[in-house]
1. Could you give me the residue pairs with C-beta distances under 6 Å whose first residue belongs to segment 48-73 and is without any contact (Cβ under 8 Å) to a residue 40 or more places away in the chain, whose second residue is in a strand (DSSP E or B) and of a type in the set (Phe, Trp, Tyr) wherever it lies, and which are 6+ apart or on separate chains?
2. Could you please find all residues in segment 1-49 being in contact with a helix residue (DSSP H, G or I) (Cβ under 6 Å, 6 or more places away or on another chain) and closer than 30 Å to ALA73 by Cα?
3. When the residues of segment 49-85 are filtered to those that are surrounded by 10 or more Cβ atoms within 10 Å (Cβ to Cβ) and among the aliphatic types (A, V, I, L, M), which remaining residue is nearest to ALA38 (Cα to Cα)?
4. What do you reckon, is LYS9 surrounded by 11 or more Cβ atoms within 10 Å (Cβ to Cβ), of a type outside the set (A, V, I, L, M, F, W, C) and either touching a strand residue (DSSP E or B) at 6+ places or on another chain (Cβ under 7 Å) or not in a loop (DSSP other than H, G, I, E, B) (or both)?
5. Look at segment 12-28 and say how many of its residues are charged (D, E, K, R) and assigned to a loop (DSSP other than H, G, I, E, B).
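Only the coordinates and a few stated rules stand behind these numbers; no lab work does. Please read all numbers here as calculations on a predicted model, not as lab measurements. Every residue, glycine among them, receives a Cβ derived from its backbone with ideal geometry; neighbour counts consider all protein chains shown.
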Amino acid sequence: MNKTDFINKLAEQEGIEKKAAEKYTTAVLAALESALTAGEKVQFVGFGSFEVRDRAEKKVRNIKTGEALIAPATKVPVFKPGKALKEAVAGK
């Protein structure tokens with residue numbers, strides 16, 4: 001499911017116009033991005049949590065040349081599903 005499919009499903013499920021569903025979806029994603037960029041953890045009880053973690057630098061290899069390189073340390077967004085989401089996906 002891509003963003004357009006999600007917006008269409010949200011509009012249908014909630015009985016709202018697609019433009020409103022797109023506006024809400026964009027606003028939620030922007031707020032999530034803003035919080036993560038600021039280093040905050042975002043939790044939705046039962047659904048899961050989003051946070052930013054530090055990834056250490058590591059040795060990597062260029063597949064084409066075989067040359068050893070160092071991938072720099074970076075920050076990455078991480079999602080950890082909540083118990084209710086895990087159970088729903090597992091069909092329990």
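1. Close Cβ pairs (under 6 Å, with a partner that is in a strand (DSSP E or B) and of a type in the set (Phe, Trp, Tyr)) amount to GLY48/PHE79; PHE50/PHE79.
2. VAL42, PHE47, GLY48
3. Looking at the filtered set, the residue picked out is VAL52.
4. Criteria met by LYS9.
5. The qualifying residues number 1.
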